[in-house]
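Beneath this line is the structure, given in structure tokens, with notes to follow.
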Amino acid sequence: MIWKPTIATFLLASTCGGDSTHASELSSLIPRFLQELWPIRFAAHKPPTLIPEKKDISFQANDATSLTMETFDFFVANHRAVFINYCSSKTGICHHVAPEWEQFSDIAPHIFSHVGVAKVDCAQEPILCKSKHVKNYPTLRWYDERQVQNYHGVLSAKHFVQIVARNMNQTASFSNDEDGLPMVSVA
């Protein structure tokens, strides 16, 4: 996965409030942007991340780190914060959420370097799920040094990014690049 910073997206968002009708007027600002504003504007921020396309996958094929009783504590201890999807490969809703969780797990490491994204298949790890008091599927849980928080929002990658950004005291913004591909920026 690669990120793709786009000058046009930045200029449209910051100068025109996202109004694409002024795009032709902004083309003259691109050389100045590259020479003067780019290093200053993004010195403390990560560049926008290209959101990967959703994949038609099953819960088992998800690329998020799969946790077991043996790996759970180590994974949580080695991240500043963790967002975990407790699901069961035997339930339909988990198969529905799997592509969104995969998309989120693909982009999260690129925009949140200290956040671990993982999943627990409660059909394979019932003792772990019971020890974490998971009774319904999916149960999405945020762990950090201050809190354990259940997520009760929309089950989409975009909303997962927003909750992580909010918990990390950041703001997530979404836009499309010049090819119409979705992008996310976190500041």
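The values are calculated or read from the model by the stated rules, or taken from the named source; none is laboratory data. None of these values were measured; they are calculated from a predicted model. Positions of Cβ are backbone-derived with ideal geometry, glycine not excepted, and every protein chain shown enters the neighbour counts. Protein only, heavy atoms only, side chains kept; ligands, DNA and RNA dropped before computing areas. Shrake-Rupley method; radii C 1.70, N 1.55, O 1.52, S 1.80 Å.
Residues THR65, THR171, THR139, sorted by accessible area with the largest first, give THR171, THR65, THR139 [1.4 Å probe; ligands and nucleic acids excluded]. The phi torsions of segment 119-136, fed into the Karplus equation with coefficients 6.51, -1.76 and 1.60 and a -60° offset, translate into couplings of 9, 10, 8, 5, 5, 8, 10, x, 5, 4, 5, 5, 5, 9, 6, 8, 10, 10 Hz, rounded to whole numbers, with Gly and Pro shown as x.
Of the listed pairs LYS90/LYS135; LYS130/LYS158; LYS132/LYS158, which have alpha-carbon separations greater than 19 Å here?
Beyond 19 Å: LYS130/LYS158; LYS132/LYS158.
Of THR91, GLN170, HIS133, whose Cα points farthest to the positive end of the dipole of segment 59-187 (charges on the beta-carbon: +1 Lys, Arg; -1 Asp, Glu; origin at the Cα centre)? Result: HIS133.
Only the Cβ atoms of Lys and Arg (+1) and of Asp and Glu (-1) were treated as charged; on that basis the dipole of segment 60-117 about its Cα centre amounts to roughly 120 debye.
In order along segment 81-97, the phi-based Karplus estimate (6.51 cos²θ - 1.76 cosθ + 1.60, θ = phi - 60°) of 3J(HN,Hα) comes to 8, 9, 10, 10, 9, 8, 9, 10, 5, 8, 10, x, 4, 5, 5, 5, 7 Hz; Gly and Pro are listed as x.
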